[in-house]
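The values are calculated or read from the model by the stated rules, or taken from the named source; none is laboratory data. Please read these numbers as outputs of a predicted model, since none were measured by experiment. FYI the Cβ positions are ideal-geometry reconstructions off the backbone, even for glycines, and counts take in every protein chain you see.
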Amino acid sequence: MMPPLRILIISDVSPLTISGGAERVLWEQASRLVKHGHQVRIVGRSRAGSEEESVERQGVRIRHFPVDRRSLLRFVRTSILEARRAALQELAGARADVLQVFQPLSGYGILGSAVGQRIPSLYTFLSPAPLEYRSRRGMTRHHRGGWAGNSATAMLWIIERACLRRATRIQVLSDFSADQLWKLYRIPAERIVKIPGGVDIERFQPAADREAVREALGLPARSPLLFSLRNLEARMGLDTLIRAMAILRRHVPEVLLLIGGAGSLRQELESLAASLDLRGHVRFLGYVLEAHLPLYYQVADLFVLPTRELEGFGLATVEALACGTPVLGTRVGATPEVLLPLDRSLVFQDTTPEVMAEDLRRFLHAPRGDHVAAQSLRGVCRRYVEAGFTWDMSVSRLEATLRDLALTKAPRAGPASQTR
């Protein structure tokens, strides 16, 4: 029997609040590695307004480091230095066989230290940090435009490149992300490990009685029901989807779109829906509680993913599919990678409102005329996820990768190769 691994995870987020894909991946991986018998500690950035330092959750010890949020420069500086301080204190108290790093600021804190460079490491690359920063302009007072924003973007290029070159191996969730690593940073394929994201198939599963769940949520029993779960930000493409709804309702008068999520554009998107006279066709749910999330997936006839850019994997995609709900997504990022092997018709032909509306109309009209075909597709969606996208499969691959790193203690690659 192989001895358990001692794993130290360093992250720019905390797993105590699941507000996005990064937190979900972090927590699913850490908690399931503990269930596999490994010792897992997380060093993560404290949440805004929170003073907690160390907690334990389901066997995972979580230590938070403070950051100074009074300015962008202070935020970056303390994210690096406080992460380094906290990680080194953890390592002084107990050794680690392997490091797993999420995000570049805290990652640079540990990977830029002499101690961190002596321990094999896996950098989990979810999305390019500088492009994420640029896409979130205006979301917070730290996501700026102009000179300050350009300077911050340039700084993130430098920091993330340094992390990627110092890490022993780099995990991606998709071929799309692996391709980004080459195009943006010239990271060769031999340094990359693809471990797709997953879904908890016990929690996310088809409802025994969808109509009863609709009734419990206060939703119309017969209306064609669309659901989209997104941060309400520009890159998510929700404005295009709302414009498509204005066209779609002419052909499907009872259609209802539920939009879950919070973000800086909520008022703007609500105003857009109102200006298109869609008050009875688009409903904003706000932040959807974790306990309620499977219910909305279950009752929808279709989950819609209108992403405009930077879809590194799409956890919501596989969560919806696990609930038996087909997904119609744009040909952006890793979405085609996930959906095309299932059914080529589940990818929008284009990202204009007109084409999206036509693809939605085509989908809604076909299955609603054939209940058997609709149920068959829902079963296919569920089996597709069970065969390739469970967290158990994903974490087993991660465990093997971390054990290989810990046992081989392979040297770092240094500067990236210029060949592929």
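Before moving on, here are some points about what is shown:
- Only listed residue being out of contact with any Cys (no Cβ under 9 Å at 6 or more places or on another chain) and within 15 Å of GLU319 (Cα to Cα), chosen from ALA291, ALA274: ALA291
- The single residue among ILE201, ILE195 that is over 30 Å from CYS163 (Cα atoms) and touching a Ser or Thr at 6+ places or on another chain (Cβ under 7 Å) turns out to be ILE201.
- Annotation note: of SER417, SER345, the sole residue that is assigned to a helix (DSSP H, G or I) and modelled with pLDDT under 95 is SER345.
- Close contacts from segment 214-242, counting a first residue that is without any contact (Cβ under 8 Å) to a residue 12 or more places away in the chain and a second that is surrounded by fewer than 18 Cβ atoms within 10 Å (Cβ to Cβ) and part of a loop (DSSP other than H, G, I, E, B), with Cβ to Cβ under 7 Å and a gap of 6+ residues or different chains, come to GLU215/ALA221.
- Qualifying residue in segment 274-292 (condition: acidic (Asp, Glu) and within 21 Å of ARG378 (Cα to Cα)): no
- Every test in (1) of a type outside the set (Val, Ile, Thr); (2) modelled with pLDDT under 95; (3) over 23 Å from PRO3 (Cα atoms) is passed by GLU56 save one, and that test is (3).
- Scope segment 323-365; condition buried (at least 20 other Cβ atoms within 10 Å of the Cβ), over 19 Å from VAL380 (Cβ atoms) and either touching a helix residue (DSSP H, G or I) at 6+ places or on another chain (Cβ under 8 Å) or among the hydroxyl-bearing types (Ser, Thr, Tyr) (or both); matching residues: THR330, GLY333, ALA334, PHE348, MET356, ALA357, LEU360
- Applying the condition of being assigned to a loop (DSSP other than H, G, I, E, B) and touching a residue at least 40 places away in the same chain (Cβ under 8 Å) to segment 17-40 and asking which residue is farthest from LEU289 (Cα to Cα) yields HIS38.
- Exactly one residue out of GLY93, GLY146, GLY138, GLY109 is farther than 24 Å from TRP391 by Cα, out of contact with any strand residue (DSSP E or B) (no Cβ under 6 Å at 6 or more places or on another chain) and modelled with pLDDT of 95 or more: that is GLY109.
- Helices (runs of 4 or more DSSP H) within segment 180-289 that include 3 or more residues among the β-branched types (Val, Ile, Thr): 238-251
- Boolean, ALA320 is buried (at least 21 other Cβ atoms within 10 Å of the Cβ), in contact with a strand residue (DSSP E or B) (Cβ under 6 Å, 6 or more places away or on another chain), part of a helix (DSSP H, G or I) and among the small types (Gly, Ala, Ser): yes
- For ARG47, the test of being surrounded by 13 or more Cβ atoms within 10 Å (Cβ to Cβ), assigned to a helix (DSSP H, G or I) and among the basic types (Lys, Arg) is failed.
- Test: residue in segment 166-173 that is out of contact with any Gly (no Cβ under 7 Å at 6 or more places or on another chain), in contact (Cβ under 8 Å) with a residue 24 or more places away in the chain, hydroxyl-bearing (Ser, Thr, Tyr) and buried (at least 19 other Cβ atoms within 10 Å of the Cβ): yes
- Test result for LEU310, under 18 Å from ARG249 (Cα atoms), at pLDDT below 95 and not assigned by TED's automatic domain parsing to the domain that holds ASP175: no
- Each residue in segment 308-317 was checked for being surrounded by fewer than 24 Cβ atoms within 10 Å (Cβ to Cβ) and either among the aromatic types (Phe, Trp, Tyr) or in a loop (DSSP other than H, G, I, E, B) (or both), and 4 pass.
- Across segment 1-16, the qualifying residues are those that are in contact (Cβ under 8 Å) with a residue 12 or more places away in the chain and over 25 Å from the mean Cα position of the chain (by Cα), and the one among them that is nearest to VAL40 (Cα to Cα) is ARG6.
- Scanning segment 43-81 for residues that are among the charged types (D, E, K, R) and under 21 Å from TRP27 (Cα atoms) yields ARG45, ARG47, GLU51, GLU52, GLU53, GLU56, ARG57, ARG61, ARG63.
- Test: residue in segment 168-187 that is in the same structural domain as HIS292 (by TED's automatic domain parsing) and of a type in the set (Gly, Ala, Ser): no
- Candidate set from segment 369-414 (those that are in a loop (DSSP other than H, G, I, E, B) and charged (D, E, K, R)); member that is modelled with the lowest pLDDT: ARG412
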